[in-house]
Every structure is written in C-alpha cells, then in structure tokens.
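Below you'll find the structure, written out as structure tokens, and then a few comments.
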Amino acid sequence: MPTISPHLVKRCWCTGETPNMVRRQRGGTGAESRPLVPSARTAGQRRLEAAVLEAAHRAMSRMRRRGCALRPTSLVNRVRSDSAVLGLQVDDAGLDHLLAEVLPVVVGGRVRGVPGLRVHPRRDSLDLRSPDGEVRLLGVTRGRWRQAVAA
C-alpha cells in the first residue's frame, strides 16, 4: 500500500478533494506530472489570489465577532486550483460578508477591498476580475448575486 505524502494530505484538507482525485488531476508520473500545489501563472494573479483570501479571512473574523455562526465553521467550502482560474466555493451564509470585504469602496478617503476589482456574473459562478487576474466564486447564481447587491 503506497504512503500518502503530508503535502497531499494538507492539499486535501484545504480543497476538499480525495487523494485519488488529486492523483488523476496531476496525471503522468515523474517529470511530466503537474505540481501537487499549482501556482498562479503571473505575479499579478498571485497578488489577486492573496488579496481575495485575506478578504475571506477578514470576513470570517468579522462574522465571528458579530456572532454569525457558520456550519461548518469555514467560509470557503471548496477550492478548485486545477484550472487557469482559482475557484472558491463560498458558503452561502458568508457570501455577503465576503463581497463586503473584497469589493472596492472608498471609506474616509481610503480604498478598502481589492482596488480595480470588477464583478462579472455568470450562470453558476461569479467572476472577480482585476487588471492583475481573475478569481471565480463557484455556485453563486445571478439571482444570488442580485440578492447580495440588494443587501
């Protein structure tokens, strides 16, 4: 029975995948296989992904301070890192909080959120695009986006 690397275990904890799913996605063996944890292609994409994940952390902290409990206790349920665009499945109860943290707004002469970020709703996802790159929020329908904007 093959042993499972600790890095593979950590990826599975973060993304919600099983070890077999990761092995099938990586394909090949040795040099031709893709890396275990894919990296963003450009420095701008890495900055955007970091900014969105920091906003998710701030949103979760704000929800805990206000007593908004999530079941399960994470804002991001699933991460899809195998495509060109980082995909995050956000818990529906925390979507409004995440969007409040990530969308740019001017408060007291300072810009909060991710500067230059624009929202492009799709049928089953919400694309957050900036000049640096793109992040996709999975499972957010156009109707749910309209509800979030109204809130």
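Every residue, every condition in (1) over 24 Å from Cys12 (Cβ atoms); (2) at pLDDT 90 or above, yes or no:
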{"residue": "Arg58", "(1), (2)": "yes, no"}
{"residue": "Arg80", "(1), (2)": "no, no"}
{"residue": "Asp127", "(1), (2)": "yes, yes"}
{"residue": "Ser130", "(1), (2)": "yes, yes"}
{"residue": "Arg136", "(1), (2)": "no, yes"}
- prompt: Any idea which of Ser61, Ser125, Ser74, Ser130 is hydroxyl-bearing (Ser, Thr, Tyr) and touching a strand residue (DSSP E or B) at 6+ places or on another chain (Cβ under 6 Å)?
  reply: Ser125
task: Say whether the condition of being touching a residue at least 24 places away in the same chain (Cβ under 8 Å) and more than 23 Å from Val22 (Cα to Cα) is met by at least one residue in the stretch 106-113.
output: yes
- prompt: Can you name every residue in the stretch 101-118 that is under 15 Å from the mean Cα position of the chain (by Cα) and more than 21 Å from Met63 (Cβ to Cβ)?
  reply: none
- prompt: Tally time: how many residues in the stretch 102-121 are on the phi > 0 side of the Ramachandran plot and surrounded by 12 or more Cβ atoms within 10 Å (Cβ to Cβ)?
  reply: 2
task: Identify all residues within the stretch 114-151 that are part of a loop (DSSP other than H, G, I, E, B) and farther than 17 Å from Gln89 by Cβ; write none if there are none.
output: Val114, Pro115, Gly116, Leu117, Ser130, Pro131, Asp132, Gly133, Ala151
query: Which one of these does Arg123 not meet: (1) under 17 Å from the mean Cα position of the chain (by Cα); (2) closer than 30 Å to Arg24 by Cα?
result: (1)
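The values are calculated or read from the model by the stated rules, or taken from the named source; none is laboratory data. Keep in mind it's a predicted model, so treat the numbers as computed, not measured. Neighbour counts run over all protein chains shown; Cβ positions are idealised from the backbone, glycine included.
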